[in-house]
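We did not get these values from a lab; they are worked out from the coordinates using the rules stated. Remember, it's a predicted structure, so these values are computed and weren't measured experimentally. Cβ: placed from backbone, ideal geometry, glycine included. Neighbour counts: every protein chain shown.
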Amino acid sequence: MDNISTSKLNTTVLTKVQLHSMECIIENATRVVYHDVRFAKRLIAHINTITADEEIGEDDLQILSICAWLYTTLFGNIRTGSKNKNQLFDESSIYIDEHYPKLLDSFGMDKIDSVRIINLVKAAIKTEVPHNRLSGIFTDAVVMDLTGDQAMDRLKKLYEEAVLGDVNLSLSKFYDLMIGYLSPYNANTEYGKAHIQPAALELIHKLEKEKRKLSQKKNIILKKQLEISEDELKELRKNLVGVKGRDVRGIQTLFRTTSRNHYTLNQMVDRKASIMITVNAIILSVVIGGLLRSTGDTLLGILPMAILSIASLFSIIFAILSITPNRTQGEFTVDDIRNKKGNLLYFGNFHNMEFRDYEWGMLQKLSDSNFLYSSMIRDLYYLGKTLQKKYTLIRISLQFFVIGLVSSFVLFMISRLVVFY
């Protein structure tokens, strides 16, 4: 009779936990992209698969189902900047200890079962802790969800969820974290030993391979951007090790000063272009009016005004070109960010993007200081290239203006001398 009442009680608690978990998932829907309702259902399906050949009671299955749903709430509520797996585990454990007992008590869960559930969830977060039978089943189910044919797609979602949850984590560090999570894992069930353990080892090798590829891509990009050889890149990395404790304030001052100088120079070009457009427009209107009135003048008399008007026209054209903005694509791809190519500091690279994609890209950038600094350096470089183009065009505009002005004056003086003599 006691078993029946306990089973009914656990069923009631399971229903309440499901509703609570769904509320948490809906509340954090923009950030929780992996540990969602589908994850909870998959986890329960994994538990059923693992325990198919095991002797396990209905109460234990319900306890495991409660764990599956509670496990999803953990990742929507934790805010951490840590990228160390032990710190992440400690912060997760603190959250579980602070919230889960009260939550389960409010659902009417027996205190002994509450302690069991809390320990089960904790065990799945850190695979190297000792396991009893139920925690072993639950941990196997959690690891099982990360393995298989869809492993990399699910890891991609897990990484996106981590970044959206303000975890300061680069893709390379994420691979390290997952390798550190899976490496000490030992399957706890017969099914796990036969199917999950080999898949976990295969995933570790795949992650190590992806990490090497990522490192190679970074090296290729660096060599291409810096135009240096492999040996020079190695020497550069060696030198960078010695400046790990770099002066952040000094770096900020450098970027701030350089950006301000670029902005000032840009304003100067814009002002000069505005002056050239205004002055030449006035000259054009006066000269064209004079040409229309002087239909009876000789060719020598008309030529100075014609040259001045042509020079003013070209001067205006180049002045306008100097302040004409470049056309931009306005979007970036996920691969651009993963390969550290996308520059999100310039509006022209993201104005066609959805906010969520832009937010994800910026969080990626903020989670990797080297990516952030390289983007700022790239931004300054291309701003300098744009300034160089603008200065070239405004210089041509000024040259047309000066040459036209001098030429028309000389021809005017010659025409007057011819008339005089």
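Can you work out the base-10 log of I(q)/I(0) for the stretch 2-216 at q = 0.08, 0.15, 0.16, 0.18 1/Å, using the Debye formula on its C-alpha atoms alone? Listed by q, the Debye log ratios stand at -0.27, -0.97, -1.11, -1.42. Loop-located GluC sites (Glu not before Pro) in the stretch 184-218 (DSSP state other than H, G, I, E, B) with a sparse environment of at most 16 neighbouring Cβ atoms within 10 Å are absent. Other residues whose C-beta falls under 12 angstrom from the C-beta of LEU265 contribute a net charge of +3, scoring Lys and Arg +1 and Asp and Glu -1. Length gained on full extension, GLU208 to ASN266, computed as 0.36 nm times the residue gap minus the Cα-Cα distance: 16.3 nm.
Counting other Cβ atoms within 10 Å as a rough exposure proxy, the listed residues MET376, MET413 run MET413, MET376 from fewest neighbours to most.
Near ASP97, once Lys and Arg are set to +1 and Asp and Glu to -1 for all other residues with Cβ below 15 Å from its Cβ, the sum equals +1. Residue pairs exceeding 22 angstrom between C-alpha atoms, taken from LYS126/LYS157; LYS365/LYS390; LYS157/LYS211; LYS156/LYS211; LYS16/LYS156; LYS126/LYS156: LYS365/LYS390; LYS16/LYS156. For the stretch 185-196, putting each phi into the Karplus relation 6.51 cos²θ - 1.76 cosθ + 1.60 with θ = phi - 60° gives couplings of 5, 10, 4, 10, 10, 5, 5, x, 5, 7, 10, 7 Hz, in residue order, rounded to whole numbers and with x for Gly and Pro.
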